[in-house]
Ligand code: SF4
Ligand code: SF4
């Protein structure tokens, strides 16, 4: 596997889908934005018994995506920082190649050891057990 995120690209942030949040993501993002975690949650988070995710704004895929990229980059959700080493992509060559059609970073840069990729995927599994039952 080769991967190197491409400067100036935001294609993964523009894909349809949800940004699921770990419990750790919420206080980290709130602190980065100088907000109280409860206020952050009320404003940005949709939560049910079984999931936590960012609310999706009306005319974009992510409220934090701005013209010059992710406005919370240093504190972004685990789902964002671990892409494209998600379990469903690391475990499936077909899905990895399918994702490579729109992610220009896949296939670029140095080789990534499969054990490193699996370790990152496991971090996602551990942090989002409800999504990976
Ligand atoms: S689509 Fe791929 S290359 Fe583009 S920002 Fe996302 S991870 Fe980086
Ligand atoms: S939080 Fe940042 S990296 Fe994640 S989808 Fe939104 S803009 Fe993209």
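A single member of 34, 107, 119 is surrounded by fewer than 16 Cβ atoms within 10 Å (Cβ to Cβ), in contact with a strand residue (DSSP E or B) (Cβ under 7 Å, 6 or more places away or on another chain) and either assigned to a loop (DSSP other than H, G, I, E, B) or modelled with pLDDT of 95 or more (or both), and it is 107.
Looking at 51, 29, just one residue is within 15 Å of ligand 2 (Cβ to nearest atom), in contact (Cβ under 8 Å) with a residue 24 or more places away in the chain and touching a helix residue (DSSP H, G or I) at 6+ places or on another chain (Cβ under 9 Å), and that residue is 29. Does residue 18 count as closer than 20 Å to residue 128 by Cα and in contact (Cβ under 8 Å) with a residue 60 or more places away in the chain? In short, no. Taken residue by residue, segment 76-91 has at least one member that is within 16 Å of ligand 2 (Cβ to nearest atom) and farther than 17 Å from residue 131 by Cβ.
Just one of the listed residues (46, 20) is over 24 Å from residue 1 (Cα atoms), surrounded by fewer than 15 Cβ atoms within 10 Å (Cβ to Cβ) and in contact with a strand residue (DSSP E or B) (Cβ under 9 Å, 6 or more places away or on another chain), namely 46.
Residue-wise test of (1) in contact (Cβ under 8 Å) with a residue 40 or more places away in the chain; (2) closer than 30 Å to residue 110 by Cβ.
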position	(1), (2)
7	no, yes
14	yes, yes
22	yes, yes
46	no, no
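Residue 126 meets each of the listed conditions (1) assigned to a helix (DSSP H, G or I); (2) surrounded by 13 or more Cβ atoms within 10 Å (Cβ to Cβ) apart from (2).
The values are calculated or read from the model by the stated rules, or taken from the named source; none is laboratory data. Model, not experiment: these values are computed from the prediction. All Cβ positions, glycine included, derive from the backbone under ideal geometry; neighbour counts span all protein chains shown.
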